[in-house]
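One structure is given here, and the rest of the page talks about it.
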Amino acid sequence: MLRMLPLSLALLLIACNTKSSSSSATTAPTQQRTRESAQLIVTAENTSLRLSKAGALGFAPAKQPLETEVAVFVNPSNTFQSFMGIGGAITDASAEVFSKLSAPVQSQFMDAYFGEGGINYNILRTSIHSCDFGLGSHTYIEEGDSALTTFDIEPDRAKRIPMIKRAASMIGDNLVFYASPWSPPAFMKTNKNMLRGGSLLPEYYQAWANYFVKFIEAYEAEGLPVWGVTIQNEPMATQRWESCIYTAEQERDFLKNNLGPTMAAAGYGDKKIVVWDHNRDLITHRANTIFDDPDAAKYAWGTGFHWYETWTGGNPKYENLKLIKEAYPDKQLLFTEGCQEGFDAEHYERWSNAERYGNSMINDFNSGTVGWTDWNILLDETGGPNHVQNLCFAPIHADTQNDSLIFTPTYYYIGHFSRFIEPGALRVSTSASRSTIESTSFQNPDGTLVTVVMNRTEAPLDYTLIVEDQEVRASIPAHAMQTLVY
């Protein structure tokens, strides 16, 4: 297998300051300016290029492109949502694997995601007690304790919380840290089991809402500021691991009658509550049901979503995201989880895994998404640990037998966005003249523009980047990702 370390990421460009946000399309009366060059960064299959600087491309006066040419059009006068960031989940599995590494390899790992030479992650997600990615199921209370008198996050203090703290300290002020439950305690559910679905019993709605508050209190007492919570991970999936079913009406009612008022009464009305946290396929029904109810909608920050509708041969329903954003422009979109399923240690370098990420990130951002959260930031050489053997890929794997890291192409593809787009950046109107090329752009708070371009075809492509009255002529290799900073 090919084992690769990040190549010269410390050389790569541009630290910017954060700025105010914008969640809907605006037309900025910006003055056109003359640009001299665009710095080009490239990752490409069958090459050694991994987030590698590839020189500067000079701007020239723009010409009318021909029908036969491939062009990417960027209009900085039209801006959209404010960029919140990119990151991943620190699960019990990630923390377990991390704990098995030597101190130098741990530092190498943390630097790769959060250090100045890394890919600039600033979003962290974790589970409220256990999920499938860990050594087993646990809660924070003794079974049957609906009063929560035994509540204690001690299981998280050994490995998970120290890893989150270390990452948070490296991220600093741009940290976005949120949590999601996979299942309430067994006694609160219809099937009396944390696994295999079941639903939250109505008589425990309030106790479960109180549990969220206890979680926030406990984690903030550890010095970890909680940005928000999602109501339920994958509320329409009966899984063999921790899971719980909510219909749209059940989630709406729990939000407006229990969770929202309870968090507000506890002084946590500023924490963000994210609904749905499942795939794009049923997302519009969930948004319609919750956001059309003013008493529920007032507590909801926005909608979280995953990408697993494609696992069964489905089509990524990006148009559903656009419909929600059009219907509820004051509600945000947040990608809360995605990973490449079906782990196979012989295919760390499978390029289509990275391209799935690139396609999702470009289209999710172009549909109005403000932030993007990968699943486990670290797994071992088996794709786990996972207590029900639901194994998958991560951007970085650890070979715990040899105390080393394995950087997959996905890591570098994510970095083409996260390394260069800063929190507070505004998405900029971007379109391509051909479907062979995919692209999105953001304007950083200091005015720097970042355009990401992906080629999933078998052939290199020449294209023209046209920005206002200037253009850059470029070429992208087959199966490659490029970032242009100008």
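Tallying residues that are over 19 Å from the mean Cα position of the chain (by Cα) and polar (S, T, N, Q) within the range 415-443 yields 7. The single residue among 365, 343 that is in a loop (DSSP other than H, G, I, E, B) and either closer than 30 Å to residue 79 by Cβ or aromatic (Phe, Trp, Tyr) (or both) turns out to be 343. The helices (runs of 4 or more DSSP H) found entirely in the range 264-333 that carry 2 or more residues being more than 16 Å from residue 254 (Cβ to Cβ) are 283-291, 318-327.
The rows are residues; the columns are (1) surrounded by 18 or more Cβ atoms within 10 Å (Cβ to Cβ); (2) closer than 21 Å to residue 374 by Cβ; (3) not assigned by TED's automatic domain parsing to the domain that holds residue 362.
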{"site": "397", "(1), (2), (3)": "yes, yes, no"}
{"site": "411", "(1), (2), (3)": "yes, yes, no"}
{"site": "441", "(1), (2), (3)": "yes, no, yes"}
{"site": "444", "(1), (2), (3)": "yes, no, yes"}
{"site": "450", "(1), (2), (3)": "yes, yes, yes"}
{"site": "465", "(1), (2), (3)": "yes, no, yes"}
{"site": "471", "(1), (2), (3)": "yes, no, yes"}
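Of all the listed residues (352, 360), the sole one being under 13 Å from the mean Cα position of the chain (by Cα), assigned by TED's automatic domain parsing to the domain that holds residue 298 and among the polar types (S, T, N, Q) is 360. Here 329, 294 are screened, and the one residue that is in contact (Cβ under 8 Å) with a residue 40 or more places away in the chain, surrounded by fewer than 19 Cβ atoms within 10 Å (Cβ to Cβ) and of a type outside the set (D, E, K, R) is 329. Residues in the range 150-165 include none that are of a type in the set (Phe, Trp, Tyr), outside any strand (DSSP E or B) and more than 22 Å from residue 266 (Cβ to Cβ).
Name the residue, out of 459, 425, that is surrounded by 19 or more Cβ atoms within 10 Å (Cβ to Cβ), at pLDDT 95 or above and either under 30 Å from residue 99 (Cβ atoms) or among the aliphatic types (A, V, I, L, M) (or both). Steps first, answer last, please.
Working: 459 fails: surrounded by 19 or more Cβ atoms within 10 Å (Cβ to Cβ).
After applying the criteria, what remains is 425.
Going through the range 348-384 one residue at a time, which ones are in contact with a Lys or Arg (Cβ under 6 Å, 6 or more places away or on another chain) and of a type in the set (S, T, N, Q)? Correct list: 367, 373. Contact map, the range 115-133: residues that are among the β-branched types (Val, Ile, Thr) paired with residues that are assigned to a loop (DSSP other than H, G, I, E, B) and surrounded by 22 or more Cβ atoms within 10 Å (Cβ to Cβ), Cβ distance under 6 Å, separation 6+ or inter-chain. Pairs shown: 119/419; 126/90. For the range 101-157, the set of residues classified as over 22 Å from residue 406 (Cβ atoms) and among the small types (Gly, Ala, Ser) consists of 127, 130, 136, 137, 144, 146, 147, listed by residue number. Here is the figure for the range 369-382: residues that are crowded, with 24+ Cβ neighbours inside 10 Å and outside any strand (DSSP E or B) total 2.
Residue count for the range 183-204 under the criterion of being free of Cβ contacts under 8 Å to residues at least 12 places away in the same chain and assigned to a helix (DSSP H, G or I): the result is 2. Of the residues making up the range 121-148, those that are farther than 23 Å from residue 392 by Cα and polar (S, T, N, Q) number 2.
Going by what's in this entry, would residue 179 be described as assigned to a helix (DSSP H, G or I) and aliphatic (A, V, I, L, M)? When the stated conditions are applied, residue 179 does not pass them. Are there any pairs with C-beta distances below 7 angstrom linking a residue in the range 40-62 that is on the phi > 0 side of the Ramachandran plot to a residue that is assigned to a strand (DSSP E or B), with the two at least 6 apart or on different chains, and if so which? From the range 40-62, the pairs are 51/41; 51/43; 55/40.
The values are calculated or read from the model by the stated rules, or taken from the named source; none is laboratory data. The structure presented is a predicted model; accordingly, all values stated were derived computationally and were not measured. Positions of Cβ are generated from backbone atoms using ideal geometry, with glycine treated the same way; all protein chains shown enter the neighbour counts.
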